[in-house]
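Before any comments, here is the structure.
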Amino acid sequence: MKNGVYRLPSGTLVVDVQSDLLNPTTTRVVVPLLAAQDVTGAQPGRLTPNFEIEGRSFMLLPLQMAAVPLRELGHQPLRMLTELEAYAVSSALGVLFEGV
């Protein structure tokens with residue numbers, strides 16, 4: 001489900017960014033989230049927004065997005081992004097693809 005936060009079997013948190021209009025497919029395009037404390041060096045803010053999930057701060061890493069098998073996402077997201085968070089993800093993808 002687009003804008004859902006999922007935990008992959010590896011433990012990695014990801015945000016589903018694929019349009020729900022593209023169902024049914026066997027894969028979903030996701031962007032990983034990395035614990036903000038584990039990110040070193042300065043990061044461009046609009047490209048790598050931060051989110052609080054399960055009481056911890058995570059950074060979106062659009063440069064590492066990938067398609068994953070749908071079965072790896074499970075049935076339900078941990079949570080859905082808020083409207084503001086979803087806008088931040090959309091803006092980050094705009095920076096990635098359009099440079100704006």
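The values are calculated or read from the model by the stated rules, or taken from the named source; none is laboratory data. Remember, predicted model here, so these are calculated numbers, not experimental data. A quick note on method: Cβ atoms are made from the backbone with ideal geometry, for glycine too, and the neighbour counts reach across all protein chains shown.
How many residues, within the range 2-55, are among the hydroxyl-bearing types (S, T, Y), more than 20 Å from L93 (Cα to Cα) and out of contact with any Leu (no Cβ under 6 Å at 6 or more places or on another chain)?
Total satisfying the criteria: 3.
Filter the range 45-100 down to residues that are closer than 14 Å to V5 by Cβ, in a loop (DSSP other than H, G, I, E, B) and among the polar types (S, T, N, Q), then give me how many there are.
So the count comes out to 2.
If you check every pair at least six apart or on different chains, which have Cβ atoms under 6 Å apart with a residue in the range 50-61 that is touching a residue at least 40 places away in the same chain (Cβ under 8 Å) first and a residue that is buried (at least 18 other Cβ atoms within 10 Å of the Cβ) and of a type in the set (S, T, Y) second?
L60/T48
May I ask you to say which residue of V5, V29 is of a type in the set (V, I, T), surrounded by 15 or more Cβ atoms within 10 Å (Cβ to Cβ) and in contact with a Lys or Arg (Cβ under 7 Å, 6 or more places away or on another chain)?
The conditions single out V5.
For the range 9-22: of the residues being more than 8 Å from the chain's Cα centre (by Cα) and farther than 15 Å from E54 by Cα, which is surrounded by the most Cβ atoms within 10 Å (Cβ to Cβ)?
Top of the filtered list is Q18.
Across the range 47-78, what is the number of residues that are in contact with an Asp or Glu (Cβ under 9 Å, 6 or more places away or on another chain), modelled with pLDDT under 95 and surrounded by fewer than 15 Cβ atoms within 10 Å (Cβ to Cβ)?
Within the range 47-78, residues that are in contact with an Asp or Glu (Cβ under 9 Å, 6 or more places away or on another chain), modelled with pLDDT under 95 and surrounded by fewer than 15 Cβ atoms within 10 Å (Cβ to Cβ) number 0.
Could you list, in sequence order, the residues of the range 5-63 that are among the basic types (K, R) and under 14 Å from A86 (Cα atoms)?
If the condition is that a residue be among the basic types (K, R) and under 14 Å from A86 (Cα atoms), then R46 is the only one that fits.
If I filter the range 82-90 for residues that are buried (at least 17 other Cβ atoms within 10 Å of the Cβ) and among the β-branched types (V, I, T), do I get at least one hit?
Within the range 82-90, one or more residues are buried (at least 17 other Cβ atoms within 10 Å of the Cβ) and among the β-branched types (V, I, T).
Just need a number here: residues in the range 10-46 that are in contact with a helix residue (DSSP H, G or I) (Cβ under 8 Å, 6 or more places away or on another chain) and at pLDDT below 85.
2
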